[in-house]
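Take a look at the structure set out below.
The values are calculated or read from the model by the stated rules, or taken from the named source; none is laboratory data. Since the model is a prediction, treat every value here as computed from it, not as a measurement. Glycine gets a Cβ as well: all are built from the backbone with ideal geometry, and neighbour counts include every protein chain shown.
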Amino acid sequence: MAIEILMPALSPTMTEGKIARWLKKEGDTVSNGDVLAEIETDKATMEIEAIEDGIFGRILVPEGTEGVAVNTPIAIMVEEGEAIPASAAPSSTSAATAPTQAGAVTPPSVTTNAPVPPAAVSQAVHPVNRIVASPLARRIAAVKNVDLSTVKGTGPNGRIVKRDVESATTQPAATPKPGTQAGTPLPTGASRTVPHSTMRKVIARRLSESKATIPHFYVSMDVELDALMALRSQLNALSHDEGQDAFKLSVNDMLIKAAALALKQVPEVNASFTEDAMILHEDANISVAVSLDDGLITPIVRAADRKSLKQISQEAKSLVSRARAGKLKPEEFQGGTFSISNMGMFGVKEFAAIVNPPQAAILAIAAGKRQPVVSGDEIKIATVMTVTLSVDHRAVDGAMAARWLSAFRNIVQAPLALVL
Amino acid sequence: MSQTDFDVIIIGGGPGGYVAALRAAQLKLSVAVVEARHLGGICLNWGCIPTKALLRASEINHLLHDLPAYGFKADGVSFDFKKIVARSRAVSKQLSAGVAHLLKKNKVPVFDGHGQLDGTLANGRRKVLVSKDGAAPTTLTAQHVILATGARARVLPGLEPDGQFIWSYKEALVPETMPKSLVVIGSGAIGTEFASFYRNMGADVTLVEVAERILPVEDVEISQLARKAFEKQGMRVLTGAKIGTLQKTATGVSIPVTVNGKTDTLLAERVISAVGIVGNVEKIGLEGTKIQIDRTHVVTDALCRTGEPGVYAIGDLAGAPWLAHKASHEAVMCVEAIAGRKVHPIDPTKIPGCTYCRPQIASVGYTEAKALEAGYKVRVGRFPLLANGKALAMGEPDGLIKTVFDAQTGELLGAHMIGAEVTEMIQGYVIARTGELTEAELVETIFPHPTISESMHEAVLAAYDGALHF
């Protein structure tokens with residue numbers, strides 16, 4: 001029996017995706033577990049696998065098609081020797097694929113990750129509105145890449161009909177063309193045009209949204225690193241040379257835990273602002289910005305306050321390498337409650353990051369630098385880094401931000417708490 | 001003194017006008033109808049309905065002459081032509097009385113007389129004069145006037161109906177006697193139906209068409225199959241014909257007809273001229289108004305508004321397609337707009353057309369050629385009734401169902417049918433087209449077995465996965 005392969009929902013928030021690449025050709029023999037396609041969502045590129053053996057019959061949505069709605073038939077699998085229909089009868093429809101491993105991960109970033117707020121939060125509050133549209137309107141929307149949720153229906157009882165989708169495609173939203181926003185002329189001279197990746201679009205959209213809608217403020221503080229670095233040397237000396245128990249803590253691993261502990265001490269910062277209420281998160285899920293060649297992504301060290309440094313180190317290492325290989329699963333970069341962006345390795349003196357909604361704050365970590373500091377009445381040399389907390393003022397006020405930074409500094413400067 | 005001021009006055013009581021009146025009454029508008037002749041208009045009195053009554057008779061005549069095929073034997077089968085015509089008239093009379101009853105039930109006054117626009121009052125209300133038999137006209141006033149005066153047969157020079165040898169549809173509906181031979185000029189729905197009726201009643205019929213094929217608005221395959229079927233029934237069909245000067249003889253007419261450079265003089269007792277229609281735009285007060293006329297039809301926008309605010313034109317008067325159901329639908333749309341409701345223009349590609357010849361023909365939407373012309377990439381499905389069990393059981397195996405889909409979106413662009421009962425089945429495709437179903441929903445739909453309508457399903461399958469039974 002012919003089976004339609006539907007556009008999978010790769011995350012709870014996914015409503016549409018792009019067919020990045022078909023990995024099978026029409027007529028290919030497919031075994032259970034074979035990767036059929038790569039689907040690019042706003043957050044990641046994922047693979048879909050066959051869950052049955054058969055023949056890859058027909059591609060319904062060509063490679064490169066963007067905005068394909070979840071549950072839209074995208075291909076048809078048939079059995080050996082079976083004729084290939086143009087579309088399978090819906091009665092035989094069953095998702096022949098299961099969304100599986102993340103493929104190349106595309107998304108957001110230091111400041112742009114799209115964490116899914118912990119379950120109880122806003123997801124449940126915003127049920128997806130049912131779109132009433134004719135079958136033909138849906139088909140045309142899929143073909144022409146129109147988001148039906150943006151189309152006003154003029155049919156019986158507001159049903160979206162063909163003419164509505166067609167007028168939506170002939171009158172595109174007043175989106176300024178790239179580079180010519182608000183009519184500003186592009187700089188003159190030679191240039192080349194690089195189409196946006198999905199990740200770049202998401203970064204652009206989410207950061208613009210964050211900066212435009214979140215009232216940011218920034219609090220900086222100098223933190224001495226010598227004690228933490230000394231502890232790090234001692235701990236690393238305990239590691240086996242190799243094997244499963246081998247570890248090599250980085251300063252960043254320790255700062256992840258320090259931030260998590262500070263969040264436990266000042267839980268008001270581990271929050272999300274919503275129109276109706278403040279959501280205070282139980283766990284300190286730390287999103288760690290990882291730069292990629294063409295953007296960045298923020299994999300999450302979950303419940304970092306309750307994990308040992310060794311666990312955090314091993315997890316972070318795995319997350320970073322898989323992020324760079326594009327192999328993160330959605331749950332590995334969705335659902336953080338606080339972000340850290342560390343540019344110390346670039347020798348940055350100080351910087352401020354953009355809040356990664358719906359989180360309330362992000363910590364920007366600059367390079368540690370040996371410099372003279374006044375200690376009592378004496379001048380001594382210490383390794384000092386400047387950290388800057390960017391804060392959503394709707395969720396956290398200045399004094400609270402300062403309290404959190406103090407807590408963070410105290411933990412870093414007296415780091416034994418990290419190994420408790 | 002009875003009421004003379006209304007929200008809406010409708011001039012013409014045909015399937016456009018009387019439906020407009022009923023809808024207006026439903027919407028609590030005060031409304032009146034002005035009708036000069038018969039309620040129900042041409043459709044009910046001189047068109048759709050009486051021809052169907054005649055065609056029923058010719059179908060029975062056909063079956064009676066085909067009895068041995070079903071295992072029957074009957075001798076001395078004959079008919080009384082006067083009674084057949086009388087039955088047709090009785091049906092029209094009954095329905096016309098039904099329309100009068102419906103209007104009465106809805107408390108819509110009907111003014112018996114000729115209605116015409118007569119300028120406006122100082123308060124902007126429009127005046128309508130109703131005149132009858134030269135008596136002093138009655139003046140009515142209304143905020144809105146809907147013109148629904150319909151159309152009549154086009155008369156070509158040399159083919160003027162003479163009440164004797166040369167007929168228009170009117171004379172063809174009420175003949176004194178059955179003509180032994182007949183020439184029908186024009187193979188649109190009207191000409192084709194009369195040709196089919198008289199042929200099935202036993203007349204020698206020649207159907208003459210100027211265009212390259214009969215039923216020129218239908219899909220070309222349907223035209224071809226219709227021609228084949230007619231010729232099998234013994235009808236002579238001439239297409240691409242040039243018609244010369246008609247001569248009257250003592251017993252009929254002679255018409256020289258040239259096809260492919262070869263001229264043949266057709267001799268017949270009667271000739272029916274069915275070469276199109278013209279709108280009834282005269283004497284309804286359009287002169288000196290901003291209402292424009294284009295080739296005998298009133299120019300309107302998509303919502304039936306004319307150049308004069310508050311004046312509307314619907315139905316045949318407002319142009320093609322000249323179909324009663326189009327007139328009725330425009331009537332409802334026009335009145336609802338007057339009542340302040342939100343309406344949408346009628347999409348001509350969603351108006352079905354039916355021709356009740358034997359075999360019947362029905363279609364909706366784009367023909368394959370028109371779809372290609374419009375730039376669609378199409379998928380076409382065909383299913384012959386020869387492969388349909390019910391059609392065979394009924395002894396009606398001649399026919400074809402053809403579907404035309406947009407290959408990109410699965411939209412049913414058009415459907416074209418020829419065969420038994422197809423005029424009763426086309427609505428299935430019209431619903432699909434109006435409800436914007438794609439091939440997927442049609443494929444999924446379960447059609448009852450055994451019916452001729454199963455062929456509609458198969459014709460969809462044929463455009464995609466392939467028909468199951470052919």
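Mind checking which pairs have a first residue in segment A:55-67 that is closer than 20 Å to A:K201 by Cβ and a second that is of a type in the set (F, W, Y), Cβ under 6 Å, 6 or more apart or different chains?
A:E63/A:W22
Hand me the list of strands (runs of 3 or more DSSP E) wholly inside segment A:35-113 holding 1 or more residues that are at pLDDT 75 or above and within 14 Å of another protein chain (Cβ to nearest Cβ).
A:54-59, A:73-78
If B:E454 satisfies all but one of (1) touching a Ser or Thr at 6+ places or on another chain (Cβ under 9 Å); (2) surrounded by 19 or more Cβ atoms within 10 Å (Cβ to Cβ); (3) acidic (D, E), what's the number of the condition it fails?
The one condition B:E454 does not meet is (1).
Right, B:E424: part of a helix (DSSP H, G or I), out of contact with any helix residue (DSSP H, G or I) (no Cβ under 9 Å at 6 or more places or on another chain) and surrounded by fewer than 24 Cβ atoms within 10 Å (Cβ to Cβ) or not?
It is true that B:E424 is part of a helix (DSSP H, G or I), out of contact with any helix residue (DSSP H, G or I) (no Cβ under 9 Å at 6 or more places or on another chain) and surrounded by fewer than 24 Cβ atoms within 10 Å (Cβ to Cβ).
Looking only at segment A:341-355, which residues are touching a Ser or Thr at 6+ places or on another chain (Cβ under 8 Å) and farther than 17 Å from A:P299 by Cα?
Result: A:K349, A:E350, A:F351, A:A352.
Mind checking whether some residue in segment B:319-333 is crowded, with 23+ Cβ neighbours inside 10 Å and within 16 Å of B:V145 (Cβ to Cβ)?
yes
Would you mind finding the one in B:K377, B:K350 that is touching a Ser or Thr at 6+ places or on another chain (Cβ under 7 Å), within 14 Å of chain A (Cβ to nearest Cβ), modelled with pLDDT of 95 or more and surrounded by fewer than 24 Cβ atoms within 10 Å (Cβ to Cβ)?
Unique residue meeting the criteria: B:K350.
Can you tell me which residue in segment B:381-394 is nearest to B:V220 (Cα to Cα), limited to those that are in a strand (DSSP E or B) and away from every other protein chain (no Cβ under 14 Å)?
B:R382
For a quick check of your reading of the model, give me the residue pairs whose first member lies in segment A:69-94 and is closer than 18 Å to A:A9 by Cα, whose second is at pLDDT below 70 and of a type in the set (G, A, S), with beta-carbon atoms closer than 7 Å and at least 6 apart or on different chains.
A:P73/A:S87; A:I76/A:S87; A:I76/A:A88
Is there a residue in segment A:6-19 that is of a type in the set (S, T, N, Q) and either surrounded by 20 or more Cβ atoms within 10 Å (Cβ to Cβ) or within 23 Å of B:L468 (Cα to Cα) (or both)?
yes
Select, from B:G276, B:G285, B:G315, B:G307, the only residue that is within 28 Å of the chain's Cα centre (by Cα) and farther than 30 Å from B:P137 by Cα.
B:G276
What about B:Q427, is it farther than 17 Å from B:D219 by Cα and not acidic (D, E)?
Yes.
Residues of segment B:430-455 being more than 14 Å from chain A (Cβ to nearest Cβ) and under 19 Å from A:L136 (Cα atoms), which ones?
Scanning segment B:430-455 gives a single hit, B:V430.
Quick one: which of A:I354, A:I340 is assigned to a strand (DSSP E or B) and at pLDDT 90 or above?
Within the list A:I354, A:I340, the selection yields A:I340.
In segment B:144-155, how many residues are assigned to a strand (DSSP E or B), within 17 Å of B:D118 (Cα to Cα) and in contact with a helix residue (DSSP H, G or I) (Cβ under 8 Å, 6 or more places away or on another chain)?
Counting residues in segment B:144-155 that are assigned to a strand (DSSP E or B), within 17 Å of B:D118 (Cα to Cα) and in contact with a helix residue (DSSP H, G or I) (Cβ under 8 Å, 6 or more places away or on another chain) gives 3.
What is the one condition in (1) within 19 Å of B:K52 (Cβ to Cβ); (2) part of a helix (DSSP H, G or I); (3) in contact with a Phe, Trp or Tyr (Cβ under 8 Å, 6 or more places away or on another chain) that B:K93 does not satisfy?
(3)
Just to check your reading of the model, which residue among B:I49, B:I42, B:I60 is within 26 Å of B:L286 (Cα to Cα), part of a helix (DSSP H, G or I), under 26 Å from the mean Cα position of the chain (by Cα) and aliphatic (A, V, I, L, M)?
Within the list B:I49, B:I42, B:I60, the selection yields B:I42.
Is there any pair linking a residue in segment B:136-163 that is touching a residue at least 24 places away in the same chain (Cβ under 8 Å) to one that is outside any strand (DSSP E or B) and among the acidic types (D, E), with Cβ under 7 Å and at least six apart or on different chains, and which?
B:G150/B:D316; B:A151/B:D316; B:P161/B:E171
Do we find a residue being among the aromatic types (F, W, Y), within 14 Å of another protein chain (Cβ to nearest Cβ) and more than 20 Å from B:F447 (Cβ to Cβ) anywhere in segment B:395-407?
For segment B:395-407, residues among the aromatic types (F, W, Y), within 14 Å of another protein chain (Cβ to nearest Cβ) and more than 20 Å from B:F447 (Cβ to Cβ): absent.
Going by the conditions given, is B:A122 under 22 Å from the mean Cα position of the chain (by Cα), loosely packed, with under 14 Cβ neighbours inside 10 Å and of a type in the set (A, V, I, L, M, F, W, C)?
No.
If I filter segment B:259-268 for residues that are under 27 Å from the mean Cα position of the chain (by Cα) and at pLDDT 95 or above, do I get at least one hit?
Yes - at least one qualifying residue is present in segment B:259-268.
Given (1) in a helix (DSSP H, G or I); (2) of a type outside the set (S, T, Y); (3) touching a residue at least 24 places away in the same chain (Cβ under 8 Å), where does B:E441 come up short, assuming only one miss?
With (1) in a helix (DSSP H, G or I); (2) of a type outside the set (S, T, Y); (3) touching a residue at least 24 places away in the same chain (Cβ under 8 Å) applied to B:E441, the lone miss is (3).
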